[in-house]
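A short reminder: the numbers here are calculations on the coordinates, not readings from a lab. On a predicted model such as this, the values are computed, not experimentally measured, just so you know. Virtual Cβ from ideal backbone geometry, glycine too; neighbours counted across all protein chains shown.
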């Protein structure tokens, strides 16, 4: 559903660009938010599966605060990263600024990746001990 909304917004944004010659600010903001929301939800779902939610544990008491904090930070950093990417299409942004804008998103993405790997390892070890 989120991908459908994102595609519709992108088509409307490009249609506005073709007819008016400029990008719509509000469509751009909505597009950046939907892209960031899609990325955040996909990362959270993968982490929940890897830590064994629904398989090994039924509640998120231990990880609830950490997941929500990292998800919020990932959403904000993804919004900043996508905004800089959209601005760079029309007005060239320095490489240093682009790197500094993308760095928090890359760091949080790496944290989610490491968390997925370690969580999956722990879940598999727990299931292996159970059998």
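Per-structure values
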item	result
Angle in degrees between helix 2-20 and the longest Cα principal axis of the chain, rounded to the nearest 10	10 degrees
Gyration tensor verdict on segment 38-87 (Cα atoms; rounded if a/c is under 1.5, prolate if a/b is larger than b/c, oblate otherwise)	prolate
Percentage relative contact order, segment 1-43, counting C-alpha pairs under 8 Å, at least six apart	43 percent
Cα-based Rg / Dmax (Å) for segment 2-130	18.3, 63
Residue 86 paired with residue 127, simple spin-label distance in nm, labels 7 Å along Cα-to-beta-carbon	4.0 nm
Gyration tensor (alpha-carbon) shape descriptor, segment 1-71, a/c threshold 1.5	prolate
The chain, relative contact order [Cα under 8 Å, separation at least 6], %	28 percent
